[in-house]
Amino acid sequence: MTTTTAETTTAAPEIVTGTAAPRPTGWLSWLTTTDHKRIGIMYLVASWMFLVLGGVEALLIRLQLAVPDNTLLSPQTYNALFTMHGTTMIFLFLMPMIAGIANYLVPLMIGARDMAFPKLNALSLWLFIAGGVVFYGSLLFSPAECGWTCYAPLSETAFSPTNGVDSWIFLIHLTGIASFIGALNLFVTITNMRAPGMSWSRIPLFVWTMLTQAILLIISLPVIAGAVTLLLTDRHFGTHFFDPSNGGSPLLWQHLFWFFGHPEVYILVLPGFGIISEILPVFSRKPIFGYKAIVAATLGIAVIGTLVWAHHMFTVPLPFFLLIFFMLGTYLVAIPTGVKIFNWIFTMWRGAIEFPVAMLYSVGFLATFLLGGITGIFLATFPVDWQLHDTYFVVAHFHYTIVGGAVFALMAGLYYWFPKMTGRMMNEKLGKISFGFTLGGFWITFLVQHSAGLSGMPRRVYEYADVNNLGLYNMISTIGSFILALGVLLTIINIVTSLKNGAKSGPDPWRGNTLEWFTPSPPPLNNFDVVPRVRSVEPMQDIRRQIERQDRVGDEAGVVARS
Amino acid sequence: MTSRPAKQTFLFAFILVAALLIPASAAMAGVIAPESGGGTPNAEGIRSLYLLIFGIGCVVFFGVGGLLIYTLVRFRSRRGSVAVQAHGNTRLEVAWTVGAAMILVLISVVTFLKLDQIKNPPNSSADGLSTPMNVAFNTGPAKPALPPNGHSLNIDVNGQQYIWRYTYADTDTNNLNNVFAYEQMVVPTDTTVSLTIRAQDVQHSWWIPSLGGKFDAVPGYTNYTWFKITKPGTYNGQCAELCGRGHATMIASVKAVSPAEFKVWYAAQKLAITSAERQAAAARNALVAKDAAVLKAAAPSAAAPMAAPARPAPVAMADGKTLFVAGVPATGALACGSCHTLSAAGTNGAVGPNLDVVLKTWNAAMIREAILYPNKMIAKGYAANIMPANYGATLTKAQLDVLVKYVDDSVHGK
């Protein structure tokens, strides 16, 4: 056969078949696996177990706050609960769930057969699980009561004499090392193991966000590791880094913590942005609008987001010019974020939009994150922040950004990629009911918390007086939280039942754009027998088009079309 | 076919939103904006700045949200609908980048315009309390914002687990004789009140919503704020930074009264504090006298069997214990034992920490430091300024050496 261009010779589409090796079975094969897909699934299962724990903690918090002057929980229990809730949701649910999805999908999306360092990958998983066990082990003695921020000197031995803070420190160390190794692994994988033809401008947007997130982790994790090490030596080895009575500085802790803590927000939401950028084009049946603008916005958010940490500290004694600097810097983050939201809306504009559950969660993400972003501008304006800081307005704001920006996007990703991971579809009907409860419950719970904060309710209080309608706001919020919990529970039921009873999905149930849909579902151990050459951001579209073209040519020539 | 239910859904959603918004706008101010009401310019400034950003935020939220809903409804997949394969539009990208930037420039400009009102205190009004030039409590490198004429009523706000202590500045430099109060601060109206905010143990945050923003009390640092109340009344708030198990109950309130009433309150408070201190001093002196009597009764009986010619007891050696139990009444050095427990001396005072316990790991140099400068290292559970800080003046160097050696030996069982 003669060829005129290189295009027609190279990428004859081949649907791969998982014939390479029989898949090992048994629990030992899971414990010892270095397969990125199995590690990804174990990350996901473990993270959802922690989601249940963190969710129960949240419901207990809401029960205590349901009515004014409640005596259901003691202050000690309450403080321990919100410390565990925040820490669990960030370090034991969101971070590992993102790690799980990234582990599973990044190699598939870039056409690689595994991560660059499979054994390190397994080490990451087990360190994360060790961190969770160490932290929850403190339930057996006395959990930390200093909040997920563990501000010194409250977290020093003089004021937190029990070992709960130490188990929190070890959780940060263990999950931090896990994330750091995982980030290095992802960075090396993405930069070195892409399919032929996948240049920087053809990398799927989810992979771009994971690359950016890996860089943020590599920059910020050593700082928090150092900070908690200083706290550990303060607590046990006689140093005074954060002890003001011996020349230490509590503000040092805050700067170190938030130098990690603020990039952490983007570490949580950037992967969500990536997931949304994958799902919206598929169900709008359109290419992503402004690929380069979205990539630039991702990098811009990461760069600016690393330089604005002190907007968490507008109420401590800071020089005036720093207040101005961190206010204007934080405003700047809004620009690339706004660019992204408009690009997402214009991806759907003039499309043919379908609404499976994954798309519903994506839309829920857009609406929720929009409000979270706008309240961010209130908080960035430091005189306004002087009123709103550390109130329920802030609690509402960060739940809108993190649940809106990260959790809803991850739920969308779960419904979107579940067929790829299991070979079965999730139940759409149950999924839609679950979505309704989750989104509705979320808005009922958290919208009213803005008002609670504006009416003078600080965060982290175990009781409040019934003034300024606080009783009403909190009752609404508590009712909403149980609706939200019901929504999540329905999704868990959906996952469990669909594993057995879901319809067979086939390799590409959504007519996706990216390479993970090129392999069978679930993918074989080696992912791809043949890695296709990538010619655009949407390699699967190219492949489908080429199949159509060849079928047509074949038919016209009177040759039997490929079966 | 599909357009009618969609329209109905749309209408229904609209009515639902309207139904939610109308009672919201009619209800209390705390629903959509921070509290104010004391008439202090900083809180009013923050509130109006908030409302402006709220207005812009509403336009953006309903504008972008409306565009989102329109897109979802208008371009949902129907039979025969075709997706337009557009990859982007540079002009649009530039447009919304610039648009977003312009909104932020607008907010920045308004913030800078409002900043003077929020940040800088005005002079007290003519009918306010006439206050002397500030004798500030400030210790940090940062300076408080003062009114143009430099006159304000300065109050030191000290956060402690779990109560606020307020110390009113006066014209002398001795901070131990000042008027103070706990939990409720009484201030005159129409008077600029400047606050010096500090913390004694962990971080706290000073916040009275109606009187402006919150300012953290960070141990080792000094923070500042101010207010100038025009309407008499009581304004409530509470600690806004997690400070431990009692955080929720660490409440604060500011009671604004007319300058005349304030003067009455201030004088009464001063009188009450002075008389309470006098009573305490009398009780202390009684304790000292009692201890001295006990010692006097004990000493001769111990010396009697010796039957040697009366000789003054060797002051240097014998009197570590005496110094500890009786102090030196002549110079005003109070007895350690009346406040501290020390098993070797047989004292069981409970005002200060138990020395058998807290000094276990200390050496002689640290003990000397703690006697001379008691506020440098405060034992857990005890407040500063309880132990007299005058031992450097009331004990001679020899007496101090003896006392330190005695305490050191006693707690280490020598």
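The table for this structure:
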{"quantity": "Per-bin percent of Cα-Cα distances, the protein assembly as shown [20 Å]", "calculated": "12, 38, 29, 14, 5, 1, 0, 0"}
{"quantity": "Alpha-carbon gyration tensor eigenvalues x 5, square-rooted, for region B:153-271, Å", "calculated": "22, 17, 13"}
{"quantity": "Backbone N under 19 Å from the A:I493 label point (7 Å along Cα→Cβ), restricted to region A:26-64", "calculated": "A:49, A:52-53, A:55-56"}
{"quantity": "Percent RCO, i.e. relative contact order, over region A:424-563, from Cα pairs under 8 Å lying at least 6 residues apart", "calculated": "28"}
{"quantity": "Free-standing Cys, the protein assembly as shown [no other Cys Cβ under 4.7 Å]", "calculated": "B:C58, B:C239, B:C243, B:C336, B:C339"}
{"quantity": "Order of A:S477, A:S142, A:S155 under a 10 Å beta carbon neighbour criterion, fewest first", "calculated": "A:S142, A:S477, A:S155"}
{"quantity": "Stokes-Einstein D in µm²/s, Kirkwood radius over Cα pairs - region B:312-411 at 4 °C with 1.567 mPa s viscosity", "calculated": "96"}
{"quantity": "Set of lysines with alpha-carbon distance to B:K290 below 19 Å, sequence-local pairs under 8 removed", "calculated": "B:K321"}
{"quantity": "Where N is the number of residues in chain A, Cα Rg divided by 2.2 N^0.38 Å", "calculated": "1.00"}
{"quantity": "Length-normalised contact order for region A:47-161 - Cα pairs under 8 Å, 6+ apart - percent", "calculated": "33"}
{"quantity": "Centre separation in Å (Cα based) which lies between region A:459-530 and region A:59-87", "calculated": "25"}
{"quantity": "Test item: Cα-centred dipole of region B:102-246, Lys/Arg +1 and Asp/Glu -1 on Cβ, debye", "calculated": "320"}
{"quantity": "Charge sum, other residues only, whose C-beta stays under 13 Å from B:M185's C-beta, Lys/Arg counted +1 and Asp/Glu -1", "calculated": "0"}
{"quantity": "Separation in nanometres of the label points that stand 7 Å from Cα toward Cβ, at B:N363 and B:N285", "calculated": "4.1"}
{"quantity": "Inter-probe distance in nm under a simple model that places probes 7 Å from Cα toward Cβ, at A:K429 and B:S343", "calculated": "7.7"}
{"quantity": "Dipole axis of chain A (+1 Lys, Arg; -1 Asp, Glu on Cβ), positive-most option in A:L72, A:G226, A:L270", "calculated": "A:L270"}
{"quantity": "Order of A:K340, A:K432 under a 10 Å beta carbon neighbour criterion, fewest first", "calculated": "A:K432, A:K340"}
{"quantity": "Qualifying chymotrypsin sites (Phe, Trp or Tyr not before Pro) in region A:186-284, DSSP loop, other Cβ atoms within 10 Å at most 13", "calculated": "A:F237"}
{"quantity": "Share, in percent, of DSSP beta bridges within region B:153-271 that are antiparallel, nearest 5", "calculated": "65"}
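Readers should treat all values here as calculations from the given coordinates under stated rules, not as data from a laboratory. No experiment lies behind these values; they were computed from the predicted model shown. Backbone-built Cβ (ideal geometry, glycine too); neighbour counts: all protein chains shown.
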